[in-house]
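A quick write-up on the structure given underneath.
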Amino acid sequence: MEGREEIKGSKPSFPLTFWELAVASTMVFGIVLGLVGVYLTMPASDYSFLKLPRNLEDLQILRDNLESYTSDYTVQVLVGYCAVYIFMQTFMIPGTVFMSLLAGALFGVFKGVALVVFTATAGASSCYFLSKLIGRPLVFSLWPDKLSFFQAQVAQRRERLLNYMLFLRLTPTLPNTFINVASPIVDVPYHIFFMATLIGLIPAAYITVRAGIALSELQSLGDLYDFNSIATLFLIGVVSVTPTLMSKTKQ
C-alpha cells in the first residue's frame with residue numbers, strides 16, 4: 001500500500017512524552033472519578049431515561065428529564081456531561097452533535113458554548129494521545145487515501161501549520177474524527193493541534209448550541225446548518241488560511 005510507504009512519522013521507543021502521558025492519564029482518571037462521583041451523589045430515582053441520544057426524539061426526552069435535575073444538582077450534571085462527552089470524543093462514538101444541542105438546551109448559549117468547546121477540546125486531545133499510542137494501524141486501514149492527502153498538505157504548510165489546522169477545524173473539508181486520529185500520525189505537534197481545536201470549534205459550537213435552545217423546533221439535524229451558516233464557516237476558514245496562501249504565492 002502506497003500510503004504505508006509515504007507516511008513516515010518518528011517512532012520513539014515510547015510514543016508519548018512524559019507530559020502527554022500525564023495529560024492522558026489525568027483525563028482517563030478524571031472521567032472515571034467524575035462518573036463515580038455523580039453516581040454516588042445523585043438522589044435515588046429512576047434513571048432509565050439516561051442513554052446516549054441517537055435521534056432528536058431521544059434528545060428531547062433526555063432534555064425534559066434533565067432540566068429538573070440541572071437546577072438542583074448543577075455540579076453533578078456538569079461533571080456527568082463532561083465525562084460522557086470526552087469519552088465519546090476519545091473513542092470516536094457518534095452522537096456528540098446531540099450532546100452539543102443538549103448543552104444549549106440545559107445551560108444557554110454562553111455557558112453551553114464554553115462547555116462544548118472545553119469538552120470537545122479535551123476529548124479531541126485524549127483521542128490524539130490514544131491514536132499516538134495505538135492508532136497507526138487503524139488509520140492506515142480505514143483512511144489510507146485521506147491520510148496520504150493529509151500528510152502532503154501538512155508537509156507543504158509546515159511553516160504556517162496553525163492556519164491550515166484552523167481552516168480544517170472551521171470547515172467540513174476533513175471530518176473532525178479523522179483529524180483527531182490522523183494528526184499525531186502525520187506529526188502535527190500537539191500545541192498546534194490544541195490551539196486549532198480550541199479556537200476552530202467555537203463557530204460551529206455556537207451554531208449548534210444556539211439551535212439547542214430551540215430544540216423543540218428542530219425537525220432534523222439538517223436544520224442546524226443552513227446555507228448562511230455553512231457560508232459563514234467557510235468564509236472564516238478562508239480568512240484563517242489566507243496567510244498560508246499568500247506565503248506560498250510569494251515563494
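Can you say whether Val117 is over 23 Å from Tyr39 (Cα atoms) and in a helix (DSSP H, G or I), as far as the supplied structure shows? For Val117, the condition - over 23 Å from Tyr39 (Cα atoms) and in a helix (DSSP H, G or I) - is met. If you filter segment 184-200 down to residues that are under 16 Å from Glu159 (Cα atoms) and not hydrophobic (A, V, I, L, M, F, W, C), you find that the one that is surrounded by the most Cβ atoms within 10 Å (Cβ to Cβ) is Tyr190. Across segment 123-143, the number of residues qualifying as in a helix (DSSP H, G or I), in contact with a helix residue (DSSP H, G or I) (Cβ under 8 Å, 6 or more places away or on another chain) and within 14 Å of Leu174 (Cβ to Cβ) comes to 2. Screening Leu133 with (1) buried (at least 20 other Cβ atoms within 10 Å of the Cβ); (2) closer than 30 Å to Gly80 by Cβ gives one miss only, at (1). Take the conditions under 19 Å from the mean Cα position of the chain (by Cα), of a type in the set (A, V, I, L, M, F, W, C) and either more than 19 Å from Phe91 (Cα to Cα) or modelled with pLDDT of 90 or more (or both) and apply them to Leu133. Does it pass? When the stated conditions are applied, Leu133 does not pass them. Close contacts from segment 40-52, counting a first residue that is free of Cβ contacts under 8 Å to residues at least 24 places away in the same chain and a second that is not in a loop (DSSP other than H, G, I, E, B), with Cβ to Cβ under 6 Å and a gap of 6+ residues or different chains, come to Phe49/Ile61; Phe49/Asn65.
If you check Ser216, Ser148 for being touching a residue at least 60 places away in the same chain (Cβ under 8 Å), under 30 Å from Gly112 (Cα atoms) and surrounded by fewer than 21 Cβ atoms within 10 Å (Cβ to Cβ), only one passes: Ser216. I'd like the residue in segment 1-54 that is modelled with pLDDT of 80 or more, part of a loop (DSSP other than H, G, I, E, B) and exposed (fewer than 10 other Cβ atoms within 10 Å of the Cβ) and, out of all such residues, is farthest from the chain's Cα centre (by Cα). Filtering segment 1-54 for residues that are modelled with pLDDT of 80 or more, part of a loop (DSSP other than H, G, I, E, B) and exposed (fewer than 10 other Cβ atoms within 10 Å of the Cβ), the one farthest from the chain's Cα centre (by Cα) comes out as Pro43.
Just a yes or no: is a residue in segment 72-92 on the phi > 0 side of the Ramachandran plot and in contact (Cβ under 8 Å) with a residue 24 or more places away in the chain?
Of the residues in segment 72-92, the ones on the phi > 0 side of the Ramachandran plot are 92.
Next, only the ones that are in contact (Cβ under 8 Å) with a residue 24 or more places away in the chain stay: 92.
Yes: one or more hits.
This table checks each residue for (1) out of contact with any helix residue (DSSP H, G or I) (no Cβ under 6 Å at 6 or more places or on another chain); (2) acidic (Asp, Glu); (3) closer than 13 Å to Ala105 by Cα.
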position: Leu50; (1), (2), (3): yes, no, no
position: Glu57; (1), (2), (3): yes, yes, no
position: Arg63; (1), (2), (3): no, no, yes
position: Asp72; (1), (2), (3): yes, yes, no
position: Gln76; (1), (2), (3): no, no, no
position: Ile86; (1), (2), (3): no, no, no
position: Gln89; (1), (2), (3): no, no, no
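Could you list, in sequence order, the residues of segment 171-183 that are part of a loop (DSSP other than H, G, I, E, B) and buried (at least 17 other Cβ atoms within 10 Å of the Cβ)? Steps first, answer last, please.
Residues of segment 171-183 that are part of a loop (DSSP other than H, G, I, E, B), as a first pass: 171-175, 183.
Listed by number, the residues that qualify are Thr171, Leu174, Ser183.
Please enumerate the residues belonging to segment 196-211 that are of a type in the set (A, V, I, L, M, F, W, C), touching a helix residue (DSSP H, G or I) at 6+ places or on another chain (Cβ under 6 Å), in a helix (DSSP H, G or I) and under 19 Å from Ser126 (Cβ atoms). Passing the criteria: Ala196, Leu198, Ala205. When Glu67 is tested against the conditions (1) assigned to a helix (DSSP H, G or I); (2) under 29 Å from Thr197 (Cβ atoms); (3) not basic (Lys, Arg), the lone failure is (2). Once segment 55-79 is narrowed to residues that are exposed (fewer than 15 other Cβ atoms within 10 Å of the Cβ) and among the hydrophobic types (A, V, I, L, M, F, W, C), the residue that is farthest from the chain's Cα centre (by Cα) is Ile61.
The values are calculated or read from the model by the stated rules, or taken from the named source; none is laboratory data. Remember, predicted model here, so these are calculated numbers, not experimental data. Glycine gets a Cβ as well: all are built from the backbone with ideal geometry, and neighbour counts include every protein chain shown.
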